[in-house]
Structure formats: structure tokens, C-alpha cells
Amino acid sequence: MLITTGKTRVFVDRDIHLDCDGEFAFVSHAHSDHVKLKKAKHLIASPETKSLINAKGVKLPEDYSNDKIELLEAGHVLGARQLRASTDTGVFTYTGDFCLEKNILGGGAETKECDSLLMETTFGLPKYEFPERSSIYDSVIDFQKNANGITVYAAYSLGKTQELIKLLNDKVGLIPLVGKEAAEISRVYNKYGCNLKFIELGTTDAEEVLDYDFVAILPPRKFTPEFIKNLRLVHGKKVSSAFVSGWAVNKWYSWCDAVFPLSNHSDYSGLVEYVERVSPKKVFCTHGFSKEFAADLARRGFQAQSI
Ligand SMILES: [Zn+2]
């Protein structure tokens, strides 16, 4: 097995590149920062991830599988998988982005013992502790039930938006408006049985809904105080705004009426719990607060380093 820094890669049977360019590519999930397929001729990914990549119009390389490679649920977004491989130097696992906690659409990362672990550490500082998911759900439901007029949520188009759609459909009886990208992604979720009800902005259905009180979910990049102010002026209604992300812990978007720390990543305790469950001899940390988290793991008795 070989792990290199920068372009992370591991030799399994062939030279498998993890979420980065290479002839043999493992794509853990369909978030754009993990999909780099320019040089790929062979692809290891779940069927759901392939459908999501395909929906973006990206041509898929040939499928590749290997009896030394096993894909485990990562619990992050639809189709997200971890790669677990038997190598000459033991069992190696790459988590990709993961979340141990189940959400309203399913998930919950699988944990199996390994010798070497390459893990994401996006929320690798102790300050990133999220409340129980069920209590965050309750807060969103209360917020929505008490809102009058228009409600706008800022949430990433892949993962968080679908979780919010399901929550609003099933727990509040509302069908939210979403943008084109989120609608395309949500249709792929429905192909895999998620039964999400939503209305795509720009369609005639959406035009009708916009005359009444409505709920919309938009990507954070469109979400500004000016946008909310304009919405209020154009529609002549009260507008309630909420930011939905694990980064809400940092008080980002404090100008909103509410922030909800709902994340598709494990929080700090979840990252530690994952390592304890899989009990690796060696841990490599990447993404986010990798240096700080590796130092914490070392204090807990693990051999760990940031790459
Ligand atoms: Zn991701």
C-alpha cells in the first residue's frame, strides 16, 4: 500500500486514485469537489453516485471492480460510499465524507475494523458538537409552523436540500420550491425510492405557487440580506430566513431569523467514535482540521498524522 500527500492515492491491486484524477478512480460521492474524472478510464462508485454524476452531464468511465475492494455506506449523501480494500500490508479504509448518524432519508456510516484508515476531518475541532438530529428536526418544524408569509432556507443542493424537502413534506405537509440543480438531484433521489415532493423554480407550477405564501430552499451562494429584502419588497409579505449547515456553529449567517446546525458530516465526537469503532493501527487525516484532529488522536493513543 502507498499513500502520498497532495494527490492522495493508494495502491490496492492497481493504482487506485481516491477522489482525484487517475486512470483508476474511486469517487466516494457526487459533491463536485470529489468528482475529478478527466484522466479516469475506469470508475469505482455506487450506482447512485454514477446516476448523480450522469445527471450533471459528465460522461462516465468504464465500471471497475476488484474482489479486494469493498464499498461501505458512508451516510453522507445519496450513494456516498467508503472504500475498504485488502492490501499487502493489511486492510485499508478510505472514508470519503461520512456521517455516523442516520437521517430522515436513511444512511448512517458502516464501521468495520481496518489496519490503516484515511479519514475526512471536516469538523475535527471539539467546538463542532451538533445537537441530536431529532432535536434539530424539531426546531426546524417549530420554526416552519410559526412562520407566516414566505420562508427561505439556505442549504447545499446535494444532500441537505433533499433532507429538508423530506422533513417539510412528511412533518409539516409542505411542498417546497427548489432551483434547477436541486430539482435534478432530487429526481435522482426519487429514482432510488426517496419519494420527495418539490416544485422546480421557473416552471408554470412554480409561477402559480409564487402568488401565495411559499417555502423555498436555495443554495447559500444566492442567500444575502439584499436578496431577502428584495423578496419582501416584490411580494409584499413577511419573509423568514434560515441557514442550514454544520457551519452554523460558527454563527455564520447570524443576520438570518434562524440557523440550524444540520450536517451530513459527523461532528467531532462522531469522528472520534468512528476511529474507536474501526480500531486502526494507523490513521491518516485529511480535509478540515486534520492537524488538530490527528494531534487529538495521538493524545488518545492512536498513531495518527495529517496529510
Ligand atoms: Zn461531500
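The values are calculated or read from the model by the stated rules, or taken from the named source; none is laboratory data. Please read all numbers here as calculations on a predicted model, not as lab measurements. Cβ atoms come from the backbone with ideal geometry, glycine included; neighbour counts cover every protein chain shown. Keep in mind that these areas ignore ligands, DNA and RNA; they rest on the heavy atoms of the full protein, side chains included. Shrake-Rupley method; radii C 1.70, N 1.55, O 1.52, S 1.80 Å.
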| note | Proximal lysine pairs in the range 133-260, meaning Cα under 20 Å and 8 or more positions apart or interchain, come to 24
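Give the shape of the chain as rounded, prolate or oblate, defined through the alpha-carbon gyration tensor: a ≥ b ≥ c are the square roots of its eigenvalues, a/c under 1.5 means rounded, and otherwise the shape is prolate if a/b is larger than b/c and oblate if not.
Because a/c hits 1.5 or more and a/b exceeds b/c, the chain counts as prolate.
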| said: If I compute solvent accessible area with a 1.4 Å probe over the protein chains, what percent of it on the chain is carbon and sulfur? | reply: 49 percent
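Tally Lys/Arg at +1 and Asp/Glu at -1 over every other residue whose Cβ is under 12 Å from the Cβ of ASP213; what's the total?
Result for the local shell: +1.
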| field | Protection proxy ranking, peptides 44-52, 84-92, average beta carbon neighbours within 10 Å, highest first | value | 44-52, 84-92
| So what's the gap between the Cα centers of the range 158-229 and the range 261-286, to the nearest angstrom? | 31 Å
| remark: Given a 1.4 Å probe, the accessible area of the range 133-260 per residue, as a whole number of Å², is 48 Å²
| Cross-link partners of LYS68 among aspartates and glutamates (Cα-Cα below 20 Å; sequence separation of 8 or more within a chain) | ASP13, ASP15, ASP19, GLU23, ASP88, GLU110, GLU113, ASP115
